[in-house]
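The structure appears below as structure tokens.
Throughout, read-outs are computed from the coordinates displayed, never taken from laboratory work. Nothing here was measured: the structure is a model prediction, and the numbers come from that model. Please note: Cβ atoms are built from the backbone with ideal geometry, for glycine as well, and neighbour counts cover all protein chains shown.
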Amino acid sequence: MKKVIFAGIIVAASAISCQKDSNPDPNPPAVTYMSFTAGQARNYMVTDNTTSTSDNYTLTSTDRDSTVNGKSYHVFTNSTGPNEYYNITGNDYFQFAALPDVLGGTNEEMLYLKTNAAVGTNWNKQISVPVSGLPLPLVVTLTNTITEINSTKVVNSITYNNVIKVETSVSVAGVPASAVTSDIDSYYAPKYGLIENHYVIGINYMGVVENVDTQVKLMSANF
């Protein structure tokens, strides 16, 4: 059961964050951090630094949209998994995705980026994770903070400008803060969206010692 709890923390953290916008702006700014042009493909490499293994996947923009919670989400195909859904509401960027069955399989609308925010801006999300063997769900709190704006980032020898960096920390209700460590950094560039993510999280609690260290990099794009 302890390993299931840890898995719940890991996957909930990877969901990044969610927040509703009660007054959505249907007109996104001229410069967007996620182009929806049909046919555009982004090729990513995912590296597990604990095992030194890598996999690749391609995210391709379709010509389809889907309405969720009153928002129009653009559909992307993922070469190694289910479709992904993205929305731009004003300066807020959302992803809609289903959590794994171990987390109850519920759908989450996730706010992962704010493009008009100053350095230091943060937003929180609590995710209730049902865990087999526990009477109550595990409550994971994600805190996202804008730590860089208008910066330059080199990924796979390509230089990106006007990059926004978001740092995410994780806490779990009922678990001491010292038992959960997290270092999650995500970088977003105009048009391309995510260009790099480094995801480190560990737990040392009740005899469970586990660590995850993965990195996602944009290797190429056809635009």
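Some notes on this structure:
- Rounded if a/c under 1.5, otherwise prolate or oblate - the range 180-223, Cα gyration tensor axes: prolate
- Between Y33 and K191, the built amide H atoms are under 5 Å apart, and every one of these is 5 or more places off in sequence or on another chain.
- Take the Cα of S128, step 7 Å toward its Cβ, do the same at A177, and the gap between the two points is 2.6 nm.
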